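Just below is one structure, and these are the notes that go with it.
Where a number appears in this text, it was derived from the coordinates with a stated rule and is not lab data. Since we're looking at a predicted model, the values are computed, not measured. All Cβ positions, even for glycine, are placed from backbone atoms using ideal geometry, and neighbour counts span all protein chains on display.
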Amino acid sequence: MGHPDIKGREAILKVHARNKPLGDDVSLAELAKGTGGFTGADLENLMNEAALLAARRHHRFISMAELNEAVIKVIAGPEKKSRVVIERERKLTAYHEAGHALVAAKIKGTDPVHKISIIPRGHMALGYTLQLPEEDRFLVSKQELSDRICVLLGGRVAEMIRYGDVTTGASNDIERATQIARQMVTQFGMSDKLGLVTLGRKQHEVFLGHDIVDDRNYSEEVAHTIDLEIRAIIDSCMNKAQEILTENRERLEEITQRLLKEEVLEGDELDELLGYPKKEHHAEGDQEKNAAAEDGEAPKEENGGGSSSESGDEVVRELPDIEQVDEKTLNAPMDENK
């Protein structure tokens, strides 16, 4: 069974929201937009985590801010604020994540960046950059795949530009970039040299105790060409990311310094730093009040559910996976030294 689409996610969220007090600022339709690739179990976990967050804060209602925080927790794991990160690694992580975000912002057509953080999460991530697709996607073009590789390599390029050296932090980025490039060449027929062919057969023998492995059905000469084509794609995307960050070096420094100061960037502040157009925020409750005022009615009393001091505007989502476009993955977590 595949992952639910946006309507399916909204319906699942409604089921798991039963008997849970939701604030006036909560929109399950908006939440469904930001959870592409989530399974039914993920959505159930999301609602339960949000309820726990509200209970720990002694809130009577679950706010949108707590639901968005729960999305991050499901994707990246719990925050590890107690983890001690030395200052040099903290700065390097900030440059790394700023590199991802700036490359994504400067390439037209990529999913918008909605949050950058250098607060450690889960077991390995020292920082992360989250992107939110504006709609469910089922097909991806060659150019879009290349752009994703550019974004993945943005962190490594930022390290090189700032320090003239590289670290193990980009290992996950490189692995995913290589996977995309290999799929472009061997599965999607996107190589000019090799043409419209599928190379290699996957053997699914997990039930026999074996891993899923590729069965090579091509010669050593073709294998060499595949390696060259993958390397050419990676090198081309690396050069593009380097060009973008070099041209926008001052903005890279500005984002990094702001990130070091605040640790988390999102919302209007992040949009301004990345050069996104300013968004208009219309809360559902405000619209109802305005409509009531126009009709001469007294505005409805709020139930207090959305009265959290935290912003309810943040909506987060990661870069979709390549093998299954609507599957969730965390975009470029900064790995700890292995």
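Put simply, the amide H of Lys115, placed in the peptide plane, has neighbours under 5 Å in Leu130, leaving out anything fewer than 5 places away on its chain.
Is region 76-186 best put as rounded, prolate or oblate by its Cα gyration tensor, with a ≥ b ≥ c the root eigenvalues, rounded for a/c under 1.5, and otherwise prolate when a/b is larger than b/c, oblate when not? It is prolate, given that a/c is not under 1.5 and a/b is the larger ratio. When each of the peptides 235-243, 29-37 is scored by the mean number of other C-beta atoms lying within 10 Å of its residues, the order from highest to lowest reads 29-37, 235-243. Since only Gly77, Gly109, Leu92 are under comparison, the one whose Cα sits farthest along the positive direction of the charge dipole of region 69-150, derived from C-beta charges on Lys, Arg, Asp and Glu, is Leu92.
Please label the shape of region 1-117 as rounded, prolate or oblate, based on the square roots a ≥ b ≥ c of the eigenvalues of the alpha-carbon gyration tensor (a/c under 1.5 means rounded; beyond that, a/b larger than b/c means prolate, else oblate). It comes out oblate by the Cα gyration axes. Cross-link pairs exceeding 19 Å between alpha carbons, from the set Lys20/Lys115; Lys108/Lys240; Lys73/Lys106; Lys142/Lys193; Lys106/Lys193; Lys33/Lys115: Lys20/Lys115; Lys73/Lys106; Lys106/Lys193.
If only the Cβ of Lys and Arg carry +1 and only the Cβ of Asp and Glu carry -1, the dipole of region 56-179 around its Cα centre is close to 460 debye.
Ordering 70-78, 14-22 by mean Cβ neighbour count within 10 Å, with the highest value first, yields 70-78, 14-22.
Taken along the Cα-to-beta-carbon direction at a fixed 7 Å, the label points for Glu243 and Glu144 span 2.3 nm.
Sorted on the mean count of surrounding Cβ atoms within 10 Å across their residues, most packed first, peptides 251-261, 99-109 read 99-109, 251-261. If R0 equals 22 Å, the separation of the Cβ atoms of Lys7 and Phe188 corresponds to a calculated FRET efficiency of about 0.20.
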